[in-house]
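Undergrad: The structure's right below; bear with me while I get my questions together.
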Amino acid sequence: MSPAREKYYRNLFRVAAAYDGILGLIFTLLPGLAFERLGIGDQLPAFGGYIALLGAFVLVIGVAYYLISRSDLRRNRDLILVGVLYKLAYCAIAFFYWFTGALPHLIFGALFGVADLIFFMLMAECYLTVRKAEQP
């Protein structure tokens with residue numbers, strides 16, 4: 001893999017780390033405010049811990065993306081695959097609920113779902129490129 005391509009992938013994971021890190025922090029520490037700002041405050045579960053836990057999961061995957069960005073992509077191929085699957089899971093669920101009309105707010109499906117779909121495609125390309133570079 002060329003140094004330019006490797007730098008591109010590192011930057012991709014840095015952006016993903018910032019994106020998921022910020023969202024994770026917001027939904028972990030301020031789930032009520034996040035729901036209010038999205039205009040769906042009435043959709044917040046009575047026990048906000050559910051949303052805080054999901055926010056913590058997003059924050060942790062953001063940390064994983066940061067770790068990928070600063071180390072050997074080849075050695076972290078398995079971690080890249082986990083990131084790819086995480087993005088696939090989010091966009092698949094978001095689009096399912098968006099297309100069935102069950103999303104409480106368009107932003108979850110349109111903005112976050114599309115963003116994660118783009119991340120999914122770019123990270124999948126990275127995974128396949130790294131895997132191909134390892135083959136003799």
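Just so it is clear, none of the values below were taken in a lab; they were calculated from the coordinates. If you're wondering where the values come from, they're calculated on a predicted model, not measured in any experiment. Neighbour counts are summed over all protein chains in view; Cβ atoms, including those assigned to glycine, are modelled from backbone coordinates with ideal geometry.
Undergrad: Just subtract the alpha-carbon distance of residue 111 and residue 30 from 0.36 nm times their residue separation and send over the number in nm, one decimal.
TA: Result: 27.2 nm gained on full extension.
Undergrad: Given the C-alpha atoms of the chain, compute the convex hull and give its volume per residue in Å³.
TA: So the per-residue Cα hull volume is 97 Å³.
Undergrad: Quick check: residue separation of residue 71 and residue 92 times 0.36 nm, minus the Cα distance between them. What number comes out in nm?
TA: Length difference between fully extended and current span is 4.7 nm.
Undergrad: About its Cα centre, how strong a charge dipole does the chain have in debye, to the nearest 20, once Lys and Arg get +1 and Asp and Glu get -1 at the Cβ?
TA: That gives the chain a dipole magnitude of about 580 debye.
Undergrad: Which value at 222 nm does the chain reach when only helices count, each DSSP H run of 4 or more adding -39,500 (n - 2.57), with the total divided by all residues and rounded to the nearest 500 deg cm²/dmol?
TA: Taking each H run of at least 4 residues, the total per residue is -25500 deg cm²/dmol.
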